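The values are calculated or read from the model by the stated rules, or taken from the named source; none is laboratory data. Please read these numbers as outputs of a predicted model, since none were measured by experiment. Using ideal geometry, Cβ is built from the backbone for each residue, glycine included, and neighbour counts are taken over all protein chains shown.
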Amino acid sequence: MELFRRLRRQDKVCRQIKPKGEHIEMQKVSVVLIVIVSIVLAACSPGNLVTSVSPEVPTSAPTALPTEIFTQAPSPETMSDADLKNGTYLIEGQPITLTDGVAETELAPGSASKLVTRYFGNAVDIDLNSDGLMDSAFLLQQETGGSGTFYYVVAALKTENGSLGTNAVFLGDRIAPQSTTIDPNNPSQFIVNYADRNPDEPMSAQPTVGVSKTFKLENGSLTEKN
């Protein structure tokens with residue numbers, strides 16, 4: 001506004017001291033200046049000011065997405081030694097029931113000689129029938145009262161209500177059992193490793209010939225893989 005007043009006073013002075021031609025020219029200049037000043041003042045008026053509005057900033061922290069947690073599936077429960085040592089197994093067509101790992105049967109009524117069957121061990125945990133339950137394969141030792149000590153391999157199949165013993169497969173007389181392992185080529189089969197003798201060696205000779213036999217469950221029966 002002060003600038004506007006100065007221009008008006010200057011215009012009056014110019015009218016008093018300038019000749020007519022110059023006075024007209026000064027009038028034009030003054031009008032132009034007045035118009036420019038008016039535009040500037042109008043643009044700077046409060047009604048034309050633009051208020052800058054900052055976008056709303058959320059004050060709360062973003063909700064964290066739940067982290068997915070991967071858990072390893074639990075391993076199937078294995079059978080205890082008590083399960084294996086208190087089962088019934090079919091040996092040479094005859095059911096033998098172990099009690100605390102031992103079964104004694106009279107060879108003949110009134111005879112002092114007894115058939116003694118014992119849990120030997122060398123057990124391996126394996127799912128023989130692929131039902132998701134962990135079974136067990138192991139060795140039994142049997143004596144008939146003579147000089148022989150016979151070894152068999154059997155299995156105990158885990159069920160929802162306990163366990164079920166299989167048939168026994170004969171391995172040999174007075175052999176030297178070594179280990180029982182899962183077949184690396186088939187997780188439903190297992191291998192029994194032991195030492196035996198050559199066919200022409202006497203039973204008194206120490207077993208030194210390594211033998212490995214593979215077994216599987218087929219149609220509910222334990223069989224040697226050919």
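Let's see how each residue does on (1) among the charged types (D, E, K, R); (2) within 18 Å of LEU222 (Cα to Cα):
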site	(1), (2)
ASP131	yes, yes
SER136	no, yes
THR149	no, no
ALA156	no, yes
ASP173	yes, no
ALA176	no, no
THR180	no, yes
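Please work out which residue is farthest from PHE215 (Cα to Cα), limiting yourself to segment 142-161 and to residues that are surrounded by fewer than 18 Cβ atoms within 10 Å (Cβ to Cβ) and touching a Ser or Thr at 6+ places or on another chain (Cβ under 6 Å).
GLY145
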Worksheet item: Looking at SER75, SER113, which is the one that is at pLDDT below 95, touching a Gly at 6+ places or on another chain (Cβ under 6 Å) and surrounded by fewer than 15 Cβ atoms within 10 Å (Cβ to Cβ)?
Response: SER113
Worksheet entry | Condition broken by VAL169, with the remaining ones in (1) modelled with pLDDT under 95; (2) within 27 Å of ASN219 (Cβ to Cβ) satisfied | (1)
Worksheet item: What are the residue pairs meeting all of these: first residue in segment 154-169, first residue within 14 Å of LEU84 (Cβ to Cβ), second residue assigned to a strand (DSSP E or B) and polar (S, T, N, Q), Cβ atoms under 7 Å, and 6 or more apart or on different chains?
Response: ALA155/SER136; ALA156/SER136; ALA156/SER163; LEU157/SER163; GLY165/THR88; THR166/SER221
Worksheet item: Of all the strands (runs of 3 or more DSSP E) wholly in segment 186-226, which have at least 2 residues that are at pLDDT 95 or above, assigned by TED's automatic domain parsing to the domain that holds VAL169 and in contact with a Ser or Thr (Cβ under 6 Å, 6 or more places away or on another chain)?
Response: 190-196
